[in-house]
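S.K.: Can you keep this structure in mind? I'll have questions shortly.
All of the numbers you see were taken from the coordinates with simple rules; none came from a lab. Please read these numbers as outputs of a predicted model, since none were measured by experiment. Virtual Cβ from ideal backbone geometry, glycine too; neighbours counted across all protein chains shown.
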Amino acid sequence: MKNIETELQSSEFGEVSFRFPATHTQQAFWYLDRLERGNPAWNIAVRFELKGNLDPHRLEAAINVVVNRHESLRTTFDLNNGEPVQAVHDSAIIPLPVDDISSLPEQHRDVIEEELTIAEGEQRFDLAVGPLIRARLLKLEEARHTLLITVHHIIADGWSIGILSDEITTCYQNTESLHELPLQFADYAIWHRDYVESETAGSINYWRQQLAELPLCEITPDLPRSTVKANNGYILSTLLPEQLITSISKIALDNQTTLYVAILSALKLLIARYNGQQDICIGTQFAGRNRTEFERIIGVFVNTAILRTELSPRMTFTQLLTAVSHTFEGALQHAEVPYANVIASLHSKFDRSRHTGYSINFIYQRDFVQPREFDGITMTPLPSKSPGAIYDLNFFMVRRASGWRLSCEYDSQLYLPTTITTILDQLQSILSQVIENPCRLLNEFCFDRQ
């Protein structure tokens with residue numbers, strides 16, 4: 001393996017142009033980073049396959065156009081009176097190192113590609129020094145590369161990765177083809193802080209009532225839990241049959257709800273059968289981009305909410321759908337309250353073995369990163385490698401070109417891969433039983449613990 005020289009040998013930042021307060025979500029990430037500096041669990045690590053006659057120098061230039069277009073990508077974090085603030089630099093450049101592994105035998109090359117991908121995703125960021133984005137290119141063949149991009153979650157979210165990939169491919173073709181952004185993340189941050197301070201008192205009361213005496217909700221781990229959360233993560237996934245998705249979507253529609261609520265309801269049933277509880281709490285994330293002017297800004301807009309539902313064995317699945325839908329709609333109406341503010345209002349004791357205060361999360365999202373063709377090159381997103389598990393179990397549904405993929409990122413210091421495979425199979429089995437009879441009582445679902 002050899003490293004190819006690039007025009008840029010190291011990252012460089014210009015002077016700090018201005019500072020402004022971190023958002024509530026960024027404050028939460030900053031304080032979590034204080035618990036373990038550079039914790040890679042807060043990295044967003046993505047990768048793309050690039051096929052075609054790629055010019056690495058043009059790609060490097062395109063990446064840096066986008067970095068300088070978005071203030072969030074040239075932001076670091078300082079302290080002011082004990083509070084984290086964002087420091088926006090007037091310019092930034094990041095290198096694109098190229099690792100040429102094309103001469104290796106194919107089997108060995110695949111192993112090295114995997115190792116480099118994992119190592120890149122797990123490399124730590126320093127929030128005070130930056131940059132909080134980096135890129136790396138792996139040359140696999142003359143006309144096939146893998147592009148690795150890693151961003152700290154404090155400056156970006158999943159939606160942002162879609163913007164980033166779109167703009168990189170656009171700038172690769174023409175670095176002057178993008179219109180100037182009318183707003184930057186600082187505009188959102190200032191607006192949102194004012195909104196939270198003036199408009200969310202009623203929503204705080206809603207969350208206090210909704211999450212009062214919140215129980216611990218988990219699937220018992222296979223292995224002992226450490227007193228301080230480790231960050232070893234792994235992802236297992238399965239492609240759901242198209243007919244299953246079509247049938248579940250129709251049942252959801254017939255019950256005036258969505259596919260998201262239907263999958264979440266099945267997951268809640270599965271967890272209840274594992275832990276024997278009826279009060280089931282699962283975290284989720286809302287995009288937080290409720291205004292069109294924020295849709296093309298790279299930044300961390302996402303917010304967390306806990307969805308709590310009381311199950312009864314004599315409840316039918318359609319009744320469960322109604323209950324979960326009601327919970328979701330209530331959460332959506334009060335989704336502007338930062339999760340950190342909600343937790344603070346509950347006066348709950350912080351459990352350092354659970355960064356977020358809960359164990360199980362569920363994400364359902366559109367595929368932000370689409371395959372792209374540009375300048376004779378095809379760019380295709382590849383499945384991610386986990387840089388670290390934030391939750392004990394993080395289930396996510398994402399629509400890919402091949403169909404709907406159900407995945408679980410899990411803490412590999414708590415669960416064995418065989419357990420996760422079984423859980424994913426059981427969840428699919430529950431959905432199949434729902435299709436057979438949506439009015440089946442919850443205690444009549446077949447549940448093989450294997």
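S.K.: Number of Lys pairs in the chain with C-alpha atoms less than 19 angstrom apart, excluding same-chain neighbours closer than eight positions?
M.R.: The result is 4.
S.K.: Looking at Phe447, Ala62, Gln426, which one has the Cα that reaches farthest to the positive end of the dipole of the chain (charges on Cβ: Lys, Arg +1; Asp, Glu -1)?
M.R.: Result: Phe447, furthest along the dipole toward the positive end.
S.K.: Here's another thing I want to ask about it. Kindly write out, for the range 431-448 in residue order, the coupling ³J(HN,Hα) from the Karplus curve 6.51 cos²θ - 1.76 cosθ + 1.60 (θ = phi - 60°), rounded to whole Hz, with x marking Gly and Pro.
M.R.: My calculation for the range 431-448 gives 4, 5, 5, 4, 4, 5, 7, x, 9, 5, 5, 4, 7, 9, 6, 6, 9, 8 Hz in order.
S.K.: If you don't mind, there's one more thing I want to ask. Please figure out what share of the DSSP beta bridges in the range 2-187 is antiparallel and state it in percent, rounded to the nearest 5.
M.R.: 90 percent
S.K.: May I pose another question? Please give me, ordered by residue number, the GluC sites (Glu not before Pro) of the range 146-219 that lie in loop per DSSP and have at most 11 other Cβ atoms within 10 Å.
M.R.: Glu176, Glu180, Glu213
S.K.: Can I ask one more? With r as the distance between the Cβ atoms of Ala119 and His57 and R0 = 22 Å, compute the FRET efficiency 1/(1 + (r/R0)^6) and round to 0.05.
M.R.: 0.35
S.K.: Between Val111 and Thr227, what is the label-to-label distance in nm when each label sits 7 Å out along the Cα-to-Cβ direction?
M.R.: 4.0 nm
S.K.: Right, here's the next one. So what are the range 2-187's ellipsoid semi-axes, whole angstrom, largest first, if each one is the square root of 5 times an eigenvalue of the alpha-carbon gyration tensor?
M.R.: They are 30, 20, 13 Å, listed largest first.
S.K.: Still on this structure: If I stretch the segment between Tyr206 and Glu329 completely, what's the gain in nm (0.36 nm per residue apart, minus their alpha carbon distance), one decimal?
M.R.: 43.0 nm
S.K.: Report, in debye and to the nearest 20, how large the dipole of the range 201-444 comes out about its Cα centre when Lys and Arg carry +1 and Asp and Glu carry -1 on their Cβ.
M.R.: That gives the range 201-444 a dipole magnitude of about 280 debye.
S.K.: Calculate I(q)/I(0) for the chain by the Debye formula, one identical point scatterer on each C-alpha and no solvent, and give its log10 at q = 0.07, 0.12, 0.13, 0.14 Å⁻¹ to two decimals.
M.R.: -0.37, -1.10, -1.28, -1.44
S.K.: Net charge within 10 Å of Leu54 by Cβ-Cβ distance, Lys/Arg positive one each and Asp/Glu negative one each, not counting Leu54 itself?
M.R.: The answer is +1.
S.K.: Roughly speaking, what is the stretch gain from Gln428 to Glu295, that is 0.36 nm per residue apart minus the C-alpha to C-alpha distance, in nm to one decimal?
M.R.: So the chain would gain 44.5 nm between Gln428 and Glu295.
S.K.: Once the piece of chain linking Ala143 and Arg193 is laid out straight, how much longer is it, given 0.36 nm per residue of separation minus the C-alpha distance between them?
M.R.: 13.3 nm
S.K.: Note down the nm distance, to one decimal, between modelled labels 7 Å out along Cα→Cβ at Ser312 and at Ile435.
M.R.: 3.0 nm
S.K.: Still on this structure, please answer the following. Suppose each label sits 7 Å from its Cα in the direction of the beta carbon; what would the Ser249-Ala128 distance come out to in nanometres?
M.R.: My value for the distance between the label points is 5.0 nm.
S.K.: If you fit an axis through the alpha-carbon atoms of helix 259-275 and take the longest principal axis of the Cα set of the chain, what angle between them do you get, 0 to 90°, nearest 10?
M.R.: Result, in degrees: 60.
S.K.: What does the charge count near Met379 come to, summing +1 for each Lys or Arg and -1 for each Asp or Glu among other residues with Cβ under 9 Å from its Cβ?
M.R.: 0
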